[in-house]
1. Segment 398-501: percent of C-alpha pairs farther apart than 18 Å?
2. Using only the alpha carbons of segment 190-260, what is the convex hull's orientation-averaged projected area in square nanometres?
3. Find the centroid of the Cα atoms in segment 229-306 and in segment 368-434, then give the distance between the two in whole Å.
4. In vacuum, with every alpha carbon of segment 384-423 counted as one equal point scatterer, what does the Debye formula give for log10 I(q)/I(0) at q = 0.17, 0.30, 0.33 Å⁻¹? Two decimals, please.
5. Loop only per DSSP, at most 15 neighbouring Cβ atoms within 10 Å: give me the chymotrypsin sites (Phe, Trp or Tyr not before Pro) in segment 231-312, ordered by residue number.
6. Modelled label-to-label distance, residue 370 and residue 152, 7 Å Cα→beta-carbon offset: nm?
7. Taking only protein heavy atoms and a 1.4 Å probe, what accessible area per residue, in Å², does the chain have with all protein chains in place?
8. So, in nm, how far is label residue 106 from label residue 176 when the simple model puts each one 7 Å beyond its Cα toward the Cβ?
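The values are calculated or read from the model by the stated rules, or taken from the named source; none is laboratory data. Predicted, not measured: the structure shown is a model, and the values here were computed from it. Heads up, the Cβs are rebuilt from the backbone with ideal geometry, glycines too, and the neighbour counts pull from every protein chain shown. Only protein heavy atoms, including side chains, enter the accessible area calculation; ligands, DNA and RNA are left aside. Shrake-Rupley method; radii C 1.70, N 1.55, O 1.52, S 1.80 Å.
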Amino acid sequence: PAGPVAEPHKGDKRFRHEDWEQHFLFDFIKQSYLLTARWLHDQVASVEGLDDTTKRKVDFFTRQYIDAFSPTNFALTNPEVFRATIASGGQNLVKGLHNLLDDIERGNGKLKISMTDSKAFELGVNIATTPGKVVFRNELIELLQYTPTTPKAWKRPLLIVPPWINKFYILDLREKNSFIKWCVDQGISTFVISWTNPDAKLAQADFEDYLEKGTLAALDAVAEATGEPDVNALGYCLGGTLLAATLGFMAAKKDKRIASATYMTSLVDFRQTGELEVFIDEQQVSSLERKMEERGYLEGSEMATTFNMLRSNDLIWSFVINNYLLGRDPFPFDLLHWNSDSTRMPAKMHSFYLRNMYMSNALVEPGKVVLHGVPIDLTKVTAPSYFVSAIEDHIAPWKATYNGPKAMRGKTRFVLSGSGHIAGMINPPVANKYGYWTNDKLPANPEAWLEGAQQHEGSWWTDWRAWLGAHLGREVAPRVPGKGKLKVLGDAPGTYVRIQS
């Protein structure tokens with residue numbers, strides 16, 4: 001017996017098949033690859049004279065290269081594929097070729113890898129099924145109001161602002177893991193913005209439009225629907241960034257209709273944005289702007305590819321192996337169906353977002369961002385806030401989101417969930433997974449916060465509900481969609497969510 005010279009990292013799922021350890025040839029191939037990969041990465045990482053930005057790019061794309069040449073990605077050096085090929089007489093490769101051609105056809109000549117069986121899910125049937133109505137619509141949003149399930153409701157309603165980079169139903173996938181349904185079952189009058197999937201007609205829609213026709217229009221509509229003057233607001237990812245900008249705008253106008261703000265994995269301070277930085281510099285953004293000017297928007301699949309590259313082994317190569325080498329159909333998985341249901345970005349708005357947030361970090365500098373003639377100063381925001389992030393988040397790293405509370409004056413609670421950008425947030429209490437950390441103090445250093453934090457089992461949802469209790473008001477009769485001043489325009493999940501790229 002002899003111990004391995006090189007072993008994969010704990011979270012590396014590529015070498016799970018028993019032959020990678022039990023068969024001497026495949027064990028040799030695996031260890032040789034891991035040794036070579038480690039050597040190559042160390043050699044590149046040790047190059048001197050590179051600035052930090054270039055060093056991050058070199059590191060990132062070297063890892064892409066290393067991952068692409070993994071022995072798991074080739075039929076003759078992957079024992080699972082090798083065995084399947086022998087057992088089926090090569091039928092797995094024939095089926096895999098058909099899958100490959102289907103994906104190229106589906107992508108109109110470009111490879112669009114199928115992550116799930118898209119025919120297995122239908123909006124309003126087995127995903128996004130929480131009962132509700134569309135009660136407001138303009139060219140950018142539909143506002144959904146959900147049907148109450150409790151005999152009494154809390155006085156102050158909740159407005160959810162999801163990201164426009166994806167569709168809102170990540171918050172309403174299935175009954176057992178729907179954040180929206182859970183809120184409704186807590187007696188909270190729940191509203192959510194459903195963004196349209198923009199085309200060339202909205203090429204000139206900018207960040208100001210998303211403020212005016214998005215969050216501000218939704219606030220007006222919620223007040224009409226419920227008769228309540230203020231709301232609790234929750235923003236997820238980019239929705240949280242827009243929520244912070246909205247609060248800055250409202251603070252300048254002495255508008256206090258948002259009584260509390262919750263930020264789920266939301267960047268407000270863009271100083272440390274992780275590996276996404278490798279895609280954002282003057283050269284790349286200028287090139288992207290030229291491309292967007294031709295069509296009027298950024299195609300959703302291009303943005304999805306960028307995010308998939310951040311976890312290429314899980315979100316690219318695992319499907320190459322399953323679909324094309326093993327010749328299997330992708331597994332029906334609601335989360336991956338949502339992930340593949342991408343949305344476009346209006347050219348003008350997306351350019352503003354990249355340049356003002358990622359490139360110049362202007363939102364946290366008082367007066368540097370001006371919306372509708374109003375200088376945005378987050379230091380004037382006094383609404384209490386709840387920030388929740390995920391410890392394994394690769395899109396909005398928690399040490400970056402930790403800087404968000406420092407940009408505002410209101411009293412803040414910061415909570416850290418287990419898992420990543422999606423699973424860490426969509427984590428219902430009944431699942432009892434991942435856990436979360438809390439610390440009533442907010443030291444300057446995020447590592448110091450974590451060191452002094454207390455770890456809890458279960459879901460952060462229960463902690464948030466306890467915090468939100470102070471901002472819900474008294475109990476009142478439940479608000480039924482259509483019974484207020486706004487009439488019903490259609491059933492949830494609405495029409496905008498069904499527009500596909």
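1. 65
2. Its Cα hull, projected and averaged over all orientations, spans 5.2 nm².
3. If we compute the Cα centre of each part, the gap is 12 Å.
4. Values, matching the q order: -0.41, -0.97, -1.08.
5. none
6. 5.0
7. For the chain, the solvent-accessible area averages 46 Å² per residue.
8. Placing both labels 7 Å along Cα→Cβ, they lie 2.5 nm apart.
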